[in-house]
Structure formats: C-alpha cells, structure tokens
Amino acid sequence: MQRIMLTPDQREELEAMLRKHSGGAAQARRARCVLLWADGQRRVDIRSKLACNDAFVTRWTTAYGEQGAAGLVSLYPGRKPTKPVARLEARVLDRTLKHKPKDGSTHWSSRKLAAELGDISFMTVQRIWSKHGVRPHRLERHMVSNDPDFEAKAADVIGLYLSPPAHAVVFCVDEKTAIQALDRKDRMLPLSPGRAESHGFEYKRNGTLSLFAALNTATGQVLGKTAARHTSEQFVAFLQDIVSSQSPRREIHVICDNVSSHKTELVEQFLAKHRHVQIHYTPTYSSWLNQVENWFARIQRDVITRGIFTSTKDLDKKLMRYIRQYNQQAKPIMWKYSDPGRRITSSSSVSVD
C-alpha cells in the first residue's frame with residue numbers, strides 16, 4: 001500500500017481533528033493513524049501507538065486516500081435505542097401483572113417475558129419495568145389490620161407522638177420474647193482481610209429470656225428488664241418499674257399492642273391503683289405503630305443475631321450492657337407515617353395506570 005502524500009492544508013485539517021475537544025475520540029484516532037502513516041511510520045509502530053491491528057491501518061488510510069477527511073467518518077455510527085411505544089408498554093405490563101410464566105415459576109424475569117412475547121428484547125422489557133416501577137423479582141410482606149377502629153386508634157397513638165400532653169411522659173412498651181442464649185460448639189473465626197467473620201454451624205441452646213423494653217419517645221432512652229417468662233405478672237411488674245422511674249403522680253402514657261398479657265385482670269387492677277397511668281393500645285396487627293419495635297430491630301441486629309451466649313445470665317448481662325451504652329447517646333426516633341393512602345386493607349386491589 002502506497003504512502004499518502006499530505007499537502008499542508010490536509011495536514012493542518014488532520015491535526016485540527018486531534019486538537020478538537022468536541023469531536024469524537026474515534027475520529028481523532030483515525031486522523032492520527034493517517035498522520036503516522038503519512039510520516040512514514042511502520043505498521044508495527046502504528047499498532048503499538050494506537051493499540052490497533054493491521055486491518056484498522058489499512059481501512060482508514062485507504063478511506064482517507066479515496067475520500068479525504070470525509071472518509072474518516074464511520075458509515076455505521078449506530079443509533080439511539082428505540083423507545084417502546086405505548087401499545088408495547090401496555091402489552092408488557094398486562095402480561096407482567098395479570099399472568100404467570102407457563103413453566104410454573106412464581107414470577108417473571110425479563111428474559112422469560114421477552115421469550116413469551118417473542119418480538120421484543122429482554123432489555124426493552126427491563127426499560128419498561130423501570131419506567132413504571134415494576135419489580136417482579138422483589139417480594140415484600142404485609143399484615144392487614146382487621147380492626148374496625150383502626151383510624152381512631154392509630155390517630156390516638158400518632159397524636160401522642162406528634163403532640164404529647166404537657167408535663168406527661170410517653171413510653172412505647174413491648175416484649176421481645178424467647179430470645180435464645182445460643183453458644184457455638186466450634187470456635188469463632190474472627191474477621192480478617194479477605195474473610196468474613198465465621199461462626200460454627202452447630203450450636204448449643206442454653207435457655208431463653210424475654211426482654212421488656214420501654215422507649216421514652218421524648219428522649220429516645222430505653223428502660224429494659226429481662227425475665228425468664230413472658231407473663232402478665234411480669235408485665236405488671238415492669239409497669240411498676242416505669243412508674244418508679246418517674247416523679248410521683250406524673251402523668252404516664254403507655255403505648256403497647258393487644259397481646260393477651262396486656263389486658264388481664266392484673267393489668268386492670270394496676271391501672272385502677274395508678275390513675276395517672278393510661279394505656280393506649282395499637283390497632284390489631286399494627287405493631288409497626290409502636291416505636292419500640294424499631295429499637296428491637298436495632299438490638300436484634302447489633303447484639304442478638306451474631307451473639308454468642310454461654311448462659312441466660314450471660315445473655316442478660318450483654319443485653320443490659322447494650323441498653324446502658326445506648327442510653328448514653330440516645331436520640332428520639334424520627335418516625336413518620338407519610339402516606340396514609342398507601343395503607344393496605346382487605347379491600348385493596350392492584351391497578352395499572
């Protein structure tokens with residue numbers, strides 16, 4: 001292949017392509033290839049400098065020789081992805097939301113749906129799902145409250161969070177029952193570079209404890225107590241601890257769920273004796289309205305899930321130590337219920353916009 005003889009104007013034009021900030025990098029690379037070839041560079045040197053092959057050198061030097069600078073523009077630059085039309089989006093959403101895969105799978109994947117429809121790619125399916133917020137691979141769980149007084153009870157609880165009575169204290173109270181004191185039969189392998197912490201698969205049960213907790217909604221501090229069993233007697237004893245932690249006769253509001261141990265005759269007797277204590281029950285199957293559940297999730301994650309406990313006494317010591325340390329820097333929980341319209345009810349139905 002003959003060398004290209006460049007005129008000063010042609011060389012200036014090619015060098016201008018190299019200096020342009022707005023031009024394509026591919027076109028600048030082709031212009032440099034032509035310049036190197038015109039300067040007498042060997043193919044092996046051009047391949048090394050441009051990280052290309054002989055076919056690249058031949059193609060673009062020949063194209064420049066035949067068409068000049070216009071020959072350095074790719075004939076097939078590609079095109080933008082086509083946007084799915086409304087009818088196609090409707091087909092994809094209808095099949096996704098109203099049908100199941102024929103192979104018995106519980107949900108669609110983009111490739112399965114594309115194969116089912118036959119005339120679109122799985123990437124198009126993914127774009128349509130993303131546009132409409134459809135995520136077949138995700139699974140969430142919910143519990144529907146069947147309480148006929150849901151709105152009234154929820155408003156009562158939320159009102160205590162947003163506007164608590166003056167000179168009163170609000171506690172969110174609940175029990176985390178049957179916490180197992182699990183010990184591992186094999187030694188733990190600690191965290192190290194390139195390896196996660198590892199616990200032995202086999203474990204030994206050393207008994208269980210129940211944790212009673214009362215979260216002060218104003219300060220975020222937690223009053224905790226462990227018990228061997230979860231009974232109404234223990235619940236009343238814990239209520240007495242809450243009363244003892246406050247100044248005499250101070251008004252106390254307790255938010256708790258509807259478990260049977262919270263509604264016994266012993267509880268009624270306690271409330272009759274302590275008129276300044278009021279219990280507010282959350283609606284049935286609505287424990288998420290109780291802020292202490294958020295704190296239970298925290299202690300579960302921080303202490304219980306990966307904890308190793310040689311006895312129930314060891315479990316109690318570690319739970320109480322966590323509570324003491326937590327209270328030193330406790331903050332109120334920033335809890336909010338932002339969209340009541342999204343509450344799932346027994347009459348809820350799925351619709352496609």
Which pairs have Cβ atoms under 6 Å, sit 6 or more apart or on different chains, and link a residue in the range 260-288 that is touching a residue at least 24 places away in the same chain (Cβ under 8 Å) to one that is among the hydroxyl-bearing types (S, T, Y)? S261/S232; T264/S232; L266/S232; P283/S145; T284/S145; Y285/S145; S286/S145
Matching entry among D183, D156 (being within 30 Å of K318 (Cβ to Cβ) and assigned by TED's automatic domain parsing to the domain that holds A237): D183
Identify, please: which residue in the range 270-300 is within 20 Å of L215 (Cα to Cα) and of a type in the set (D, E, K, R) and is, among those, surrounded by the fewest Cβ atoms within 10 Å (Cβ to Cβ)? R298
On the basis of being acidic (D, E) and crowded, with 18+ Cβ neighbours inside 10 Å, does E197 make the cut? no
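Residues checked against (1) of a type in the set (D, E, K, R); (2) in the same structural domain as I323 (by TED's automatic domain parsing); (3) surrounded by fewer than 15 Cβ atoms within 10 Å (Cβ to Cβ):
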position	(1), (2), (3)
L209	no, yes, no
Q240	no, yes, yes
D257	yes, yes, no
H262	no, yes, no
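Based on this model, can you work out whether R3 counts as at pLDDT 90 or above and touching a helix residue (DSSP H, G or I) at 6+ places or on another chain (Cβ under 9 Å)?
no
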Which condition number in (1) crowded, with 17+ Cβ neighbours inside 10 Å; (2) under 38 Å from the mean Cα position of the chain (by Cα); (3) not charged (D, E, K, R) is the one that V267 fails? (2)
Scan the range 168-182 and tell me whether some residue there is out of contact with any Lys or Arg (no Cβ under 8 Å at 6 or more places or on another chain) and in a loop (DSSP other than H, G, I, E, B). no
So which residues in the range 222-233 are over 19 Å from Q278 (Cβ atoms) and surrounded by fewer than 18 Cβ atoms within 10 Å (Cβ to Cβ)? A228, R229, T231, E233
Please count how many residues of the range 136-151 are surrounded by 12 or more Cβ atoms within 10 Å (Cβ to Cβ) and free of Cβ contacts under 8 Å to residues at least 40 places away in the same chain. 1
Criterion first (modelled with pLDDT under 90 and in a helix (DSSP H, G or I)) does E12 satisfy it? no
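Of these, R275, R321, R249, which one is at pLDDT 95 or above and not aliphatic (A, V, I, L, M)?
R321 is the lone residue from the list that is at pLDDT 95 or above and not aliphatic (A, V, I, L, M).
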List pairs: first in the range 120-131 and assigned by TED's automatic domain parsing to the domain that holds R91, second outside any helix (DSSP H, G or I) and not acidic (D, E), Cβ under 6 Å, 6+ apart or cross-chain? T124/P84; I128/P84
Do we find that Q2 is surrounded by 13 or more Cβ atoms within 10 Å (Cβ to Cβ) and over 50 Å from the mean Cα position of the chain (by Cα) in this structure? no
Can you tell me which residues in the range 306-319 are more than 28 Å from the chain's Cα centre (by Cα), touching a residue at least 60 places away in the same chain (Cβ under 8 Å) and either outside the structural domain of A227 (by TED's automatic domain parsing) or more than 15 Å from A228 (Cβ to Cβ) (or both)? T310
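Residue-by-condition table, conditions (1) over 21 Å from Q67 (Cα atoms); (2) exposed (fewer than 14 other Cβ atoms within 10 Å of the Cβ); (3) out of contact with any strand residue (DSSP E or B) (no Cβ under 7 Å at 6 or more places or on another chain); (4) assigned by TED's automatic domain parsing to the domain that holds Y64:
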site: L14; (1), (2), (3), (4): no, no, yes, yes
site: A26; (1), (2), (3), (4): no, yes, yes, yes
site: A31; (1), (2), (3), (4): no, no, yes, yes
site: V34; (1), (2), (3), (4): no, no, yes, yes
site: D39; (1), (2), (3), (4): no, yes, yes, yes
site: K49; (1), (2), (3), (4): yes, yes, yes, yes
Can you name every residue in the range 132-154 that is within 27 Å of V259 (Cβ to Cβ) and within 24 Å of the chain's Cα centre (by Cα)? E140, R141, H142, M143, V144
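The values are calculated or read from the model by the stated rules, or taken from the named source; none is laboratory data. In this text the structure is predicted, and so the values were computed from the model without any measurement. Ideal geometry is used to build each Cβ from the backbone, glycine not excepted, and the neighbour counts take in all protein chains shown.
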